[in-house]
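Here the structure comes first, spelled out in structure tokens, and everything after it is commentary.
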Amino acid sequence: MTSAPGLAFANLTLMLDLPQLPAIFFVNVRNNFQVLMNEIKLNTMDSEEIFYPHNRINLQNARVNKMGRTRKYSNNGNWLFGTPF
């Protein structure tokens, strides 16, 4: 029969879970590397290609709006509210 200190040691061992630490570390390094590569890719592109640089899902430019549709008033300089891009 195990005693209370033995159960505490078993709980501590399960909580630390040392064999998984290299896997957790590798996933963090890989995610940081992907973020770095995305930032390098964003900085090498032209500034008008991405309207909101942190919105990587809905990319906008002079031709496409944030809904993914072509802009209606992108070539009309006399529009009431100015150029929408």
Being at pLDDT 85 or above, farther than 26 Å from M67 by Cβ and in a helix (DSSP H, G or I) is the requirement here; does N11 meet it?
no
G6 fails exactly one of (1) surrounded by 11 or more Cβ atoms within 10 Å (Cβ to Cβ); (2) modelled with pLDDT under 75; (3) not in a loop (DSSP other than H, G, I, E, B), namely (1)
Just to be sure before I move on: is A62 small (G, A, S), modelled with pLDDT of 70 or more and in a helix (DSSP H, G or I) in the structure I sent?
no
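The values are calculated or read from the model by the stated rules, or taken from the named source; none is laboratory data. Here the structure is a predicted model, which is why all the values come from computation and not from measurement. Don't worry about glycine lacking a Cβ; one is built from the backbone with ideal geometry, like all the others, and counts go over all protein chains shown.
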